[in-house]
Amino acid sequence: MFTVATWNINSIRLRAGLVARLLTEQAPDILCLQECKSPVDKMPLQLFHDMGYRWSVVRGQRGYNGVAILSRLPIADAGDRDHARLGHARHVAARLGNGVTIHNFYVPAGGDVPDRAVNEKFGQKLDYLTDMRDAFRADPPARSILVGDLNIAPREDDVWSHRQLLKIVSHTPVEVAHLTDVMDAGGWVDITRQDIPAGPLFSWWSYRNREWDLSDRGRRLDHVWATRDIAAAGHASRILRPVRGWDGPSDHVPVLAAFDLPV
C-alpha cells in the first residue's frame, strides 16, 4: 500500500517549512506539488531528501507554474507534456517500481472572464484541457494515477454555491464539460468522490476572504483520479482543511488517497 498527496503549494521556496511539516505530520509516500514558482536548481529538494524523500521528479519555471513529485519510494522520470504548447511547466510524470504511473498536473487557472473571445487565458485553459483529452484518447492510460490542481470544481457540491458560481471561472458549464471529456478519454475515476460520494468538499479558499473558515466559500479544485483498472484499490481519501489555517498558508490544502497496491 502507498499514499499519494497533492498540494498546490504556491511557492515551494516560500513554503518549504509547510511542506516539511506536512511530510512530518502526514508522511505520505508520494507528494505532488503544483505552482512551485521556482527553477529546479533553486528548489529546496535537499531538505526533503534529508527527510527521507530521496527521489524527486520535477519541472521548474522561474516565478510561475512548476510541478514536483517527491517520493519515499523509488520513482523514475516518465516525462512531461506541454499541452496547448504554452511552454509552461504544468505537467510531470513519474513511474513507480510496480509500473504505476503518476501524472501531476497544474491546469491553467483561466483568468477572470469565462469568454475566450475577450480573455486569452480562458482560451488557453480550454485548449489545455482539449489537448489533455486528445492525448489520453491517442494513448489510453493504464495503471495510472492523475493528481493535481485542475482548477475546476466539477460538481454542484464541489462549490459553496452552484447557482452563484455558474458564471465564475472554475465552475462554468463549458469548463466542467471539458474536464468531463478529459476524464472520459482516459477512463479516469474520481477517487475522492468514490470514497466521499456526497456532500460539500472544498480544497481551496480565497486569500481575499480573511474569514474563510467562517464563511466557508470554498471550491474543490484539487483532485486525485485513477484509471479504472486500479480505481478499486483507492481508498482513505482525505482533504486536510486545517492546513489552510497554518501560518503563511497556500490558498489550497492537501488532498490525499491511499492505494492498496504492492510496491
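The values are calculated or read from the model by the stated rules, or taken from the named source; none is laboratory data. This structure is a prediction, so every number in the text was calculated from the model and none was measured. As a convention, Cβ positions derive from the backbone with ideal geometry for all residues, glycine included, and neighbour counts pool all protein chains shown.
Here's the yes/no breakdown for (1) farther than 28 Å from Pro249 by Cβ; (2) in contact with a His (Cβ under 7 Å, 6 or more places away or on another chain); (3) surrounded by fewer than 18 Cβ atoms within 10 Å (Cβ to Cβ):
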| position | (1), (2), (3) |
| --- | --- |
| Gln34 | no, no, no |
| Asp41 | no, no, yes |
| Asp50 | no, no, yes |
| Tyr53 | no, no, no |
| Gly60 | no, no, no |
| Gly63 | no, no, yes |
| Phe105 | no, yes, no |
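Give me a count of the residues in segment 85-143 that are part of a loop (DSSP other than H, G, I, E, B) and either at pLDDT below 95 or among the charged types (D, E, K, R) (or both). Step through it out loud before you land on a result.
Residues of segment 85-143 that are part of a loop (DSSP other than H, G, I, E, B), as a first pass: 86-90, 97-100, 107-119, 139-143.
Then keep just the ones that are either at pLDDT below 95 or among the charged types (D, E, K, R) (or both); that gives 90, 112, 115-116, 139, 143.
Final tally of qualifying residues: 6.
Can you confirm whether segment 197-212 contains a residue that is of a type in the set (D, E, K, R) and either surrounded by 22 or more Cβ atoms within 10 Å (Cβ to Cβ) or closer than 23 Å to Asp80 by Cβ (or both)? If you could, list the steps in order and put the result at the bottom.
First, the residues of segment 197-212 that are of a type in the set (D, E, K, R): 208, 210-211.
This time we only want the ones that are either surrounded by 22 or more Cβ atoms within 10 Å (Cβ to Cβ) or closer than 23 Å to Asp80 by Cβ (or both), so: none.
No: segment 197-212 contains no residue that is of a type in the set (D, E, K, R) and either surrounded by 22 or more Cβ atoms within 10 Å (Cβ to Cβ) or closer than 23 Å to Asp80 by Cβ (or both).
Criterion first (part of a loop (DSSP other than H, G, I, E, B), at negative phi, touching a residue at least 24 places away in the same chain (Cβ under 8 Å) and not aromatic (Phe, Trp, Tyr)) does His171 satisfy it? Write out each step before concluding.
Working: part of a loop (DSSP other than H, G, I, E, B): yes; at negative phi: yes; touching a residue at least 24 places away in the same chain (Cβ under 8 Å): yes; not aromatic (Phe, Trp, Tyr): yes.
Spelling it out, His171 is indeed part of a loop (DSSP other than H, G, I, E, B), at negative phi, touching a residue at least 24 places away in the same chain (Cβ under 8 Å) and not aromatic (Phe, Trp, Tyr).
Could you tell me whether segment 131-148 includes any residue that is of a type outside the set (Val, Ile, Thr), touching a residue at least 40 places away in the same chain (Cβ under 8 Å), under 21 Å from His252 (Cα atoms) and buried (at least 24 other Cβ atoms within 10 Å of the Cβ)?
Of the residues in segment 131-148, the ones of a type outside the set (Val, Ile, Thr) are 131-144, 146, 148.
Filter again for touching a residue at least 40 places away in the same chain (Cβ under 8 Å), leaving 131-137, 140-144, 146, 148.
Checking the rest, the ones that are also under 21 Å from His252 (Cα atoms) come to 146, 148.
Adding the requirement that they be buried (at least 24 other Cβ atoms within 10 Å of the Cβ) leaves 146, 148.
Checked segment 131-148: at least one residue is of a type outside the set (Val, Ile, Thr), touching a residue at least 40 places away in the same chain (Cβ under 8 Å), under 21 Å from His252 (Cα atoms) and buried (at least 24 other Cβ atoms within 10 Å of the Cβ).
Here are Tyr106, Tyr128: which of them is touching an Asp or Glu at 6+ places or on another chain (Cβ under 6 Å), closer than 27 Å to Pro28 by Cβ and either among the hydroxyl-bearing types (Ser, Thr, Tyr) or free of Cβ contacts under 8 Å to residues at least 12 places away in the same chain (or both)? Break it down into steps so the answer makes sense when it comes.
Working: Tyr128 fails: touching an Asp or Glu at 6+ places or on another chain (Cβ under 6 Å).
Result: Tyr106 is the single residue among Tyr106, Tyr128 that is touching an Asp or Glu at 6+ places or on another chain (Cβ under 6 Å), closer than 27 Å to Pro28 by Cβ and either among the hydroxyl-bearing types (Ser, Thr, Tyr) or free of Cβ contacts under 8 Å to residues at least 12 places away in the same chain (or both).
Can you confirm whether Leu165 is farther than 18 Å from Thr101 by Cα and without any contact (Cβ under 8 Å) to a residue 60 or more places away in the chain?
On the way: farther than 18 Å from Thr101 by Cα: yes; without any contact (Cβ under 8 Å) to a residue 60 or more places away in the chain: yes.
For Leu165, the condition - farther than 18 Å from Thr101 by Cα and without any contact (Cβ under 8 Å) to a residue 60 or more places away in the chain - is met.
Could you list all residues from segment 63-103 that are more than 25 Å from Leu31 (Cβ to Cβ) and either in contact with a strand residue (DSSP E or B) (Cβ under 6 Å, 6 or more places away or on another chain) or not aliphatic (A, V, I, L, M) (or both)?
Our first condition is that a residue be more than 25 Å from Leu31 (Cβ to Cβ); within segment 63-103, this holds for 84-85, 87.
Within segment 63-103, Arg85, Gly87 qualify.
Quick check on my filter: what residues within segment 24-46 are part of a helix (DSSP H, G or I) and within 14 Å of Ala68 (Cα to Cα)? Even if it seems obvious, please write down each step before you answer.
Of all residues in segment 24-46, those part of a helix (DSSP H, G or I) come to 24-26, 40-42, 45-46.
Scanning segment 24-46 gives Val40, Asp41, Lys42, Leu45, Gln46.
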